[in-house]
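Notes to accompany the following structure.
Values in this text are rule-based calculations from the coordinates and carry no lab data. None of these values were measured; they are calculated from a predicted model. With ideal geometry, Cβ positions are generated from the backbone for all residues, glycine too; neighbour counts draw on all protein chains shown.
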């Protein structure tokens, strides 16, 4: 089974999710619906809805509530992207101009707030307090992760623990919640409710690690955003952390000077750091850590009886570390 | 009974609310707790918690859940202030430097998101889906109101309807929800659940109308923010709308030119418009509309049997139009 086959198992549901996303963004306030249409047209792979749908189906859930929660997690994800792009002053998102570059920061902030609000409003209509609780706690973690990233920007250090903690909150927690929703909808008992969030967490960690590696090595046209966006913004990710602790004293000093200078990092310095990151095996190291998380994710699922949905979830996990290289 | 007496009826509960707000802002991420402490120290009158507490007590509710929801509405209010100040590029808030001027826009956006998330997380622990539903729908309305304000900025027109619709969403909806929470906590039946939100909505409308009038006539040291902040930001409020439809053709043209020029409005033009607003009775008109809403609010409560809590709520309504003149 490849990623496409895995996704095709929930194709009809994904269409319903896209319709509900469009409906949620359709608003009598023109700016909301304009930006809503723009966001819907440039959509990504819907990996979070795919996780909700596959885990709920794996748990025998066949109803339509999974459509609601898939929409909820995607709206939350979209809201964080809008605010991230303002915080990062990003011009592009998935190969197109970002909302902030097209409509300004003010609109991006307020439409992001609207998407958050809408996601909670959608959830509250379904009235499942266990799920609302899971997602609320996750959204707190995501905000904490974003604040941690802001605080730690331009600060180089050798310890990878704060980075791991940060991506756990910023990215992995939502994917974990996606899989927990699947367990809660299936309502098959505590085993699922314990294992599936763990699966999602490891998939999420791998996802962000690969993203952070791709930022150093992917070509701009594939990634849809400029290469080394993280580096330019002072977002110190695992490839750079690993490089920093690997090199000798004088190289360490040089890297520190480049990163912690208060000016924008020059192109020649970007190129130098990218070369060092590659030469010192920091990309390989990052991908190896990502693969460990994928293996861990797959291992957590070993107790479940085989099904096409289980197989699809394992395929999604594998896809995370294979994409775009 | 004066406003101080009214508030003193819920003084102990308000202390608990302040403690829960502080606890909610206490976080292992230093930037969150730093900004949290700053926000708590410069606190306002807690009018929204006061509404939750008085309405729930009026309905015979004596438990501690009102503390949670008072905190929830105040956190939501604080989140909107943080984002508003970024959107409005405000330097000051309640007489002190705004969070964005002290810590930057990025921190303000992300801490605002944290406060939103935290408020939903607090709510979800109490697991009352009717209240979660009320607040979620309100937060959607508030975001819509903010987007409407952004879209309509610098656009002068004679019709006050879009302005009224906008302040209904932006401000009145949350005060309405505060009073609905009181009704839902009291659980005394549908009469309360219908009347109290209506009371809160009218109080909220009056509150914003007075705020918008004060922006033209209050002294900076009382208001804690520069006079004519709305006018400078192109936020067209009722005093200006009323002036615009009152004046003759050539004055209309002059006002339109000043407002719709794309440059920052010069001090002499600000002074001119403030003088015209006062001379043409636009402040009186705005306050008169606010008073109508207060009267309407008090009228909706006429069917309830007398109690000190009812009296306190009517006092709060009156206070709205009396403050700061």
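Comparing Cα centroids, segment A:10-58 and segment A:60-83 end up 8 angstrom apart. Placing a label point 7 Å from Cα along the Cα-to-Cβ direction at residue A:263 gives distances to the equivalent points in the other copies of 3.4 nm, listed shortest first.
Averaged over the residues of peptide B:24-30, the number of Cβ atoms from other protein chains lying within 10 Å of each residue's Cβ is 3. Counting, for every residue in B:119-126, the Cβ atoms of other protein chains within 10 Å of its Cβ and taking the mean gives 6. With contacts taken as Cα pairs under 8 Å at a separation of at least 6 residues, chain A carries a relative contact order of 22 percent. The mean sequence distance of close C-alpha pairs (under 8 Å, at least 6 residues apart), as a share of the length of segment B:128-302, puts its relative contact order at 28 percent. Comparing A:213, A:264, A:297 in a Gaussian network model of chain A where C-alpha atoms under 10 Å apart are linked, the largest mean-square fluctuation is found at A:264. Shielding by partners for peptide B:93-106, expressed as the average number of C-beta atoms from other protein chains within 10 Å of each residue's C-beta, is 1. For segment B:235-325, the relative contact order is 31 percent, taking Cα pairs closer than 8 Å that sit 6 or more residues apart in sequence and dividing their mean separation by the residue count.
Tell me whether chain A comes out rounded, prolate or oblate; compute the Cα gyration tensor, take square roots of the eigenvalues as a ≥ b ≥ c, and use a/c under 1.5 as the rounded threshold.
oblate
For a quick check, take a GNM of chain B with Cα springs below 10 Å and name the residue from B:99, B:87, B:203 with the largest mean-square fluctuation. Of the options given, B:87 has the highest mean-square fluctuation.
Mean residue ellipticity at 222 nm, helices only, the protein assembly as shown: -24000 deg cm²/dmol; runs of at least 4 DSSP H residues each add -39,500 (n - 2.57), and the sum is divided by the number of residues. Once you order the gyration tensor axes a ≥ b ≥ c over the Cα atoms, which shape class does segment A:255-325 get: rounded for a/c under 1.5, otherwise prolate or oblate by comparing a/b with b/c? Taking the square roots of the gyration eigenvalues as a ≥ b ≥ c, segment A:255-325 is prolate. If you run the Gaussian network model on chain A, springs between alpha carbon atoms under 10 Å, then out of A:138, A:80, A:246 the most flexible one is A:246. Computed over segment A:110-174, the P(r) curve from all C-alpha pair distances, binned at 10 Å from the origin, holds 20, 40, 26, 12, 2 percent per bin.
Principal axis extents of the C-alpha atoms in segment B:1-127 (largest first, rounded to whole Å): 44, 34, 21.
Could you work out how far helix A:47-58 tilts from the main Cα principal axis of chain A, as a 0 to 90 degree angle to the nearest 10? It works out to around 40 degrees.
For segment A:176-262, the calculated P(r) over all alpha carbon pairs, in 5 Å bins from 0 to the bin holding the longest distance, is 3, 13, 16, 14, 12, 12, 10, 9, 7, 3, 2, 0 percent. For segment B:220-303, the Kirkwood radius over C-alpha pairs fed into Stokes-Einstein at 37 °C and 0.692 mPa s yields D = 229 µm² per second. For the pair segment A:98-117 and segment A:284-325, the centres of their Cα atoms are 34 angstrom apart.
Judged by the gyration tensor of its Cα atoms, with axes a ≥ b ≥ c, the protein assembly as shown is prolate; a/c meets the 1.5 cut and a/b is the larger of a/b and b/c.
Compared with the dominant principal axis of the Cα atoms in chain A, helix A:105-126 is inclined by about 30°.
Inter-copy label distances at residue A:127, shortest first and taken from points set 7 Å along Cα to Cβ: 1.5 nm. Sorted from shortest to longest, the distances between the residue B:1 label points of this copy and the other copies are 6.4 nm, with each point 7 Å from Cα along the line through the beta carbon.
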